[in-house]
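Colleague: I have a structure here, written as structure tokens, and I will follow up with some questions on it.
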Amino acid sequence: MNGRKQWGFGGAVLAGALSVVFGVACGGDTPAAGADVAATDARDIEMDVEVEGDAVDDDTVLPSPPGTTALPADAQRDGDPARGFEILAKGAYVGCGVPASLFPVAQQAGLFGDAPPLPGRDDSLPYFLSRFDTPSGVEVIGPNCFTCHAGYVNGELVLGAPGTNLDFGGLASQIAGFQSQVEQLRGLLNEADFTEIERFAERMSAVAPYVQPEVAGVNPADNLAAILFAHRDPKTLAWSKEPLLAPPPAIVVPVDVPPWWRMKDKHTMFYTAGGRADHARIMMTASTLCVDTVEDAAAIDAEFHHVRSYIEAVPPPAYPFDIDAVAAAEGRVVYDANCAHCHGGPDSYPNLWVELDVIDTDPALAVGGSQFADRFIEWFNASFYGETAVFAPVNGYVAPPLSAIWASAPYLHNGSVPTVATLLDSSTRPTYWRRTFDSTDLDLEGLGFNFETLDVGHADVPSASARRTIYDTTLPGYGNGGHTFGDHLTPTERRALIEYLKTL
Ligand code: HEC
Ligand code: HEC
């Protein structure tokens, strides 16, 4: 099918409309993201669905350090990781998208740049999109979990790595444009296709004002969940055009996407340990975008335990550069004395959460003024999702496993600290900083991203797109304080400790 010919005069309209949708998904606006994508050869991409043994399951009962509490394990449904990947890549869990009949037009317009395909999937879609049938029988293309949960690490696309080059800022105005363009497609598309794109545009318009962080690279997923809950009846899951609950504040509390390779050790999901009981059912809440009936949700749930098993099998990528073995051995001693009681080690993980006044990192996410406000927690627990899962966040943060932290910069739950070296010496953390968004621009000594320290923050930068390239730690939710557990170490101890962390 020749898209340009078929769509004739509608082609420009379509290309414009689709660039918004797919641009959102791939974060194409992000500075240097394109260069990074281009540098990646699809053949370099590795996917490893090997199931690892339950290496870490530490049930030893030891007293927790002061200010910390151990999180209990809940029973999980076991599944087949290979089937889980298939569902992630081809499943209908988001429930809506752009009619597949428009895909050739988007492809011809070059909207996907050089984004590589998903390894293990034999179609021409970029990795962050999936093709599936909606309940009304229309084949659509929509974003999948890898939009946020795949990322470039040292130039390679790694599934399960955090998508830290996404830029959701400016989404609302783009979506407003998209919706008016969709209107012009009436008559150009057949009725079933038009109904689907209209539905997708309506949902995107409802959420867009609530999912725009101030900085590129941080993620609005928690606010996205909250605004979607606000539009749904918890029992029937029916969508309401008008919100049924007060929406969350439009100011996003930013989060850094966590890597999936931590989940095999973690007893709970999320930075605040909110995700309890049946994790598979919590993971599928991404589907609240367009899954509008309990029947459809139950069908997704019946298979989502396979997705959980896939996620549990995602391996941490090994550090690919030289490690100074002598320094690493010295670093292990420093680690065991200062860090292991909270973070665990190579073969144990205590699953602790740390009270806010002990960890003292930015409190906005933990105090739950917005996305974790009581009405959203109550919505979840009273809903279809709460039948087997529980949402119960704590007033603090989980101390995460530190495997492959070289591959998940920047650091802390809000991504406010660019390197481990600056995390371990709080006096050196930059107040205003910028990175290149090139995943090969790594600081191997400090462990993390190379960064530039700036003298000015958002208040002094007039251009919105320039502002989004600057991480301003004075903004609410973006603070870089706390976690001062490395401050008392000597520079030599810190260097050794970083060398050891590369081995985890
Ligand atoms: C819009 C971006 C986005 C999409 C799409 C998305 N996630 Fe996430 N995911 C996040 C963010 C951000 C967090 C961290 C939230 C927090 O802890 O507060 C997260 C957390 C998680 C966690 C918990 C990780 C941990 O260490 O606690 C899992 C598991 C997960 N997501 C699975 C999925 C699956 C499966 C899908 C698709 C059905 C999906 N996500 C879709 C952004 C996204
Ligand atoms: C009292 C418990 C505790 C101690 C001791 C501790 N940490 Fe942490 N650590 C945490 C918590 C909790 C977080 C998450 C904080 C947040 O995201 O706001 C964290 C986060 C981190 C992160 C960022 C992880 C990421 O991907 O964002 C690194 C790296 C880290 N710690 C390393 C260390 C090292 C190295 C030491 C030893 C010098 C140490 N920690 C000591 C509790 C602790």
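The values are calculated or read from the model by the stated rules, or taken from the named source; none is laboratory data. Given the structure is predicted, the values throughout are model-derived calculations rather than measurements. Note that we place each Cβ from the backbone using ideal geometry, even for glycine, and neighbour counts take in every protein chain shown.
Colleague: Quick one: in the range 145-170, of everything that is over 11 Å from the mean Cα position of the chain (by Cα) and in a loop (DSSP other than H, G, I, E, B), which residue is modelled with the lowest pLDDT?
Modeller: Applying the filter and picking the extreme gives Gly170.
Colleague: Could you check, for the range 122-132, whether at least one of its residues is surrounded by 20 or more Cβ atoms within 10 Å (Cβ to Cβ) and under 27 Å from Thr272 (Cα atoms)?
Modeller: yes
Colleague: Now for a different question. Condition test on Gly151, is it under 29 Å from Ala216 (Cα atoms) and within 16 Å of ligand 2 (Cβ to nearest atom)?
Modeller: Here the answer is yes, as Gly151 does meet what is asked.
Colleague: Give me a count of the residues in the range 256-270 that are crowded, with 23+ Cβ neighbours inside 10 Å and touching a strand residue (DSSP E or B) at 6+ places or on another chain (Cβ under 6 Å).
Modeller: Residues that pass the stated criteria total 1.
Colleague: Sticking with this structure for a sec: Please count how many residues of the range 298-312 are touching a residue at least 40 places away in the same chain (Cβ under 8 Å) and away from ligand 1 (no atom under 12 Å from the Cβ).
Modeller: 1
Colleague: Being under 20 Å from Thr453 (Cα atoms) and either in contact with a strand residue (DSSP E or B) (Cβ under 8 Å, 6 or more places away or on another chain) or not polar (S, T, N, Q) (or both) narrows it down to one of Pro401, Pro430, Pro393, Pro363, so name that one.
Modeller: Result of the check over Pro401, Pro430, Pro393, Pro363: Pro430.
Colleague: Consider Leu423 against the criteria (1) of a type outside the set (Gly, Ala, Ser); (2) closer than 20 Å to Pro259 by Cβ; (3) surrounded by fewer than 21 Cβ atoms within 10 Å (Cβ to Cβ); (4) within 9 Å of ligand 2 (Cβ to nearest atom): it satisfies all of them except one. Which criterion is unmet?
Modeller: (3)
Colleague: Quick check: is even one residue across the range 404-411 part of a strand (DSSP E or B), closer than 18 Å to Ala364 by Cβ and either near ligand 2 (Cβ under 10 Å from one of its atoms) or modelled with pLDDT of 95 or more (or both)?
Modeller: yes
Colleague: Name the residue that is surrounded by the fewest Cβ atoms within 10 Å (Cβ to Cβ), counting only residues in the range 98-111 that are outside any helix (DSSP H, G or I) and touching a Leu at 6+ places or on another chain (Cβ under 8 Å).
Modeller: Ala109
Colleague: Right, next: Here are some conditions: (1) more than 16 Å from the chain's Cα centre (by Cα); (2) under 29 Å from Cys342 (Cα atoms); (3) in a loop (DSSP other than H, G, I, E, B). Arg276 meets all but one. Which one does it not meet?
Modeller: Every condition holds for Arg276 apart from (3).
Colleague: Looking only at residues that are free of Cβ contacts under 8 Å to residues at least 40 places away in the same chain and among the aliphatic types (A, V, I, L, M) in the range 229-279, which one is nearest to ligand 2 (Cβ to nearest atom)?
Modeller: Checked the range 229-279; the qualifying residue nearest to ligand 2 (Cβ to nearest atom) is Met269.
Colleague: Follow-up question, since we're still on this one. Only one of Pro401, Pro430, Pro320 is in contact with a Phe, Trp or Tyr (Cβ under 8 Å, 6 or more places away or on another chain), surrounded by fewer than 19 Cβ atoms within 10 Å (Cβ to Cβ) and in a loop (DSSP other than H, G, I, E, B); which?
Modeller: Pro430
Colleague: Looking at Cys339 and the list (1) surrounded by fewer than 22 Cβ atoms within 10 Å (Cβ to Cβ); (2) farther than 30 Å from Cys148 by Cβ, which single condition is not satisfied?
Modeller: It is condition (2) that Cys339 fails.
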